[in-house]
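The values are calculated or read from the model by the stated rules, or taken from the named source; none is laboratory data. Nothing here was measured: the structure is a model prediction, and the numbers come from that model. Note that each Cβ is placed from the backbone with ideal geometry, even for glycine, and that neighbours are counted across all protein chains shown. The protein model used for the area step is the full one, side chains on, heavy atoms only, and it has no ligands, DNA or RNA in it. Shrake-Rupley method; radii C 1.70, N 1.55, O 1.52, S 1.80 Å.
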Amino acid sequence: MLAAIGDERAARRELRQVQASGLPSDVAATVGQFDQILRSRKRVGGSFEVALAPDSNINRATQARLLDTIIAPVTLSDDARAKSEMGLHAAGQIYARVPLSDSIALVPRAAGLANLYRQSEFDDISASALVGVEWRRQQDRFSPSLGRTWRWYGNKLYARTDAAALDWLHVVGKRAQLIITASVSRADYLQNDLQDGTIADLGISIERAVSSRVGGSISLSVTRQSARDSGYATWAGGVTGLGWREIGKTTLFLSGGLRRTEGDAALFLFGDRRREWLVTGRAGATFRNLKVGTFAPYVRVTYERNASSLQLYDYSRLATEAGLTRAF
């Protein structure tokens with residue numbers, strides 16, 4: 001079903017599905033985002049999108065005005081609470097494939113993501129640069145890579161992360177494929193050294209085409225994040241399901257996820273550790289029959305509800321994107 005086994009048409013169909021569903025904003029500039037795009041054999045490729053993005057909670061903050069602490073209640077400023085605003089969303093990624101032999105290629109890649117607002121103190125910008133090697137066999141593709149990610153928040157460098165990753169794609173029959181991803185990162189938080197630590201990720205997903213126009217996937221993931229202060233160290237794990245369907249030249253998708261996070265120890269001020277459930281839902285469509293030049297209009301709606309034992313991390317969010325996208 002993919003370029004890896006010689007079916008370029010199906011590979012292009014997969015790219016359209018990725019184009020429709022987009023990438024979660026919190027991971028859009030990290031190692032794994034290129035996984036599906038890189039399934040084609042093109043020498044140069046990538047994607048770009050730009051959209052207006054109204055958001056009910058641009059800072060993923062609590063609605064509470066007072067926080068209970070072990071010292072005394074703390075009154076949050078308006079900027080520290082949930083903030084609603086219209087934003088500009090832009091994201092892009094590009095890669096090149098340099099053949100070293102019939103089965104091995106060097107693959108440098110870069111990506112960027114920006115969510116910009118009238119109040120620049122909430123601007124969230126990420127960028128990554130990576131280089132990897134792609135080794136193809138009949139039913140498999142192995143892709144080790146190394147790279148660095150930068151994140152700026154409010155026009156200040158927030159975090160710098162160095163990562164090593166390994167992706168393995170294995171074709172299962174004619175309609176399915178298994179993808180296993182593993183990475184280890186070293187995170188340096190410029191605004192709070194107590195958060196510095198190592199992040200280890202493991203993800204497993206199975207994708208299946210029901211027909212030439214209908215498909216889906218289910219993914220499991222686990223993350224371990226250490227920190228200098230054990231109050232910021234966490235274990236997290238979750239499951240995500242995605243379904244997509246093509247109707248004419250329109251691609252529809254629907255996804256949902258559930259993720260559990262557990263903190264190692266209590267955060268000093270709050271006297272309790274993080275214990276939370278994050279529920280996410282996304283839906284959207286890409287309309288390739290309404291092209292504007294080489295770009296296709298798209299819409300996406302995202303809902304998040306993070307139910308946390310700590311008020312500071314307890315929030316809900318509803319966000320929409322309406323814009324143009326292009327994969328090349």
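Over all alpha-carbon pairs in the stretch 178-328, figure out the percentage whose distance exceeds 25 Å.
In whole percent, the share of Cα-Cα pairs in the stretch 178-328 beyond 25 Å is 46.
Which lysines have a Cα less than 20 Å from the Cα of residue 291, not counting those fewer than 8 places away in the same chain?
249
How large is ³J(HN,Hα) for each residue in the stretch 166-175, as worked out from phi by the Karplus curve 6.51 cos²θ - 1.76 cosθ + 1.60 (θ = phi - 60°), to whole Hz, x for Gly and Pro?
Working through the residues one at a time gives 9, 10, 10, 10, 10, 6, 10, x, 9, 10 Hz.
Roughly what would the spin-label model give for residue 120 and residue 76, points 7 Å off Cα along C-beta, in nm?
For the pair residue 120/residue 76, the computed spacing is 2.6 nm.
Please calculate how many Å² of accessible area the chain carries per residue, with a 1.4 Å probe and no DNA, RNA or ligand atoms counted. Kindly include the intermediate steps, with their values, before the conclusion.
Values: 16120 Å² over 328 residues.
Counting only protein heavy atoms, the per-residue value for the chain is 49 Å².
Of the options 183, 195, 171, report the single residue whose Cα projects farthest towards the positive end of the charge dipole of the stretch 164-207 (beta-carbon charges: Lys, Arg +1; Asp, Glu -1).
Positive-end residue among those listed: 171.
Ignoring ligands, DNA and RNA, please state the percent of accessible area on the chain from carbon and sulfur, probe 1.4 Å.
60
For helix 8-21, report the angle its Cα long axis makes with the longest principal axis of the Cα atoms of the chain; keep it between 0 and 90° and round to the nearest 10°.
It is inclined by approximately 20 degrees.
For the chain, what is the mean residue ellipticity at 222 nm derived from helices alone (per DSSP H run of n ≥ 4: -39500 (n - 2.57); sum divided by total residues; nearest 500 deg cm²/dmol)? Show your work: numbers first, answer last.
On the way: 1 runs with 14 residues, N = 328.
Result for the chain, helices only: -1500 deg cm²/dmol.
Considering the zone a paramagnetic label at residue 174 would reach in this model (a point 7 Å from Cα along the Cα-to-Cβ line), which residues of the stretch 194-233 have amide N under 15 Å from it?
Output list for this probe position: 209-213.
Which values, in whole Å and largest first, are the semi-axes of the equivalent ellipsoid of the stretch 153-248 obtained as the square root of 5 times each eigenvalue of the Cα gyration tensor?
Values: eigenvalues 244, 47, 28 Å².
Equivalent-ellipsoid dimensions as semi-axes: 35, 15, 12 Å.
Using label points projected 7 Å from each Cα along Cα→Cβ, tell me how many nm separate residue 202 and residue 69, to one decimal.
About 3.8 nm, to one decimal.
Mind telling me which of 120, 185, 226 comes out most flexible in a GNM of the chain, alpha-carbon contacts under 10 Å?
120
Got a sec to turn the phi values of the stretch 263-273 into Karplus ³J(HN,Hα) couplings, 6.51 cos²θ - 1.76 cosθ + 1.60 with θ = phi - 60°, whole Hz, x for Gly and Pro?
x, 6, 8, 6, 6, 3, 5, 9, x, 8, 9
For the stretch 39-185, build the charge dipole from Cβ charges (+1 Lys, Arg; -1 Asp, Glu) around the Cα centre, then report which of 159, 101, 119 sits farthest towards its positive end.
Final value for the positive-end residue is 101.
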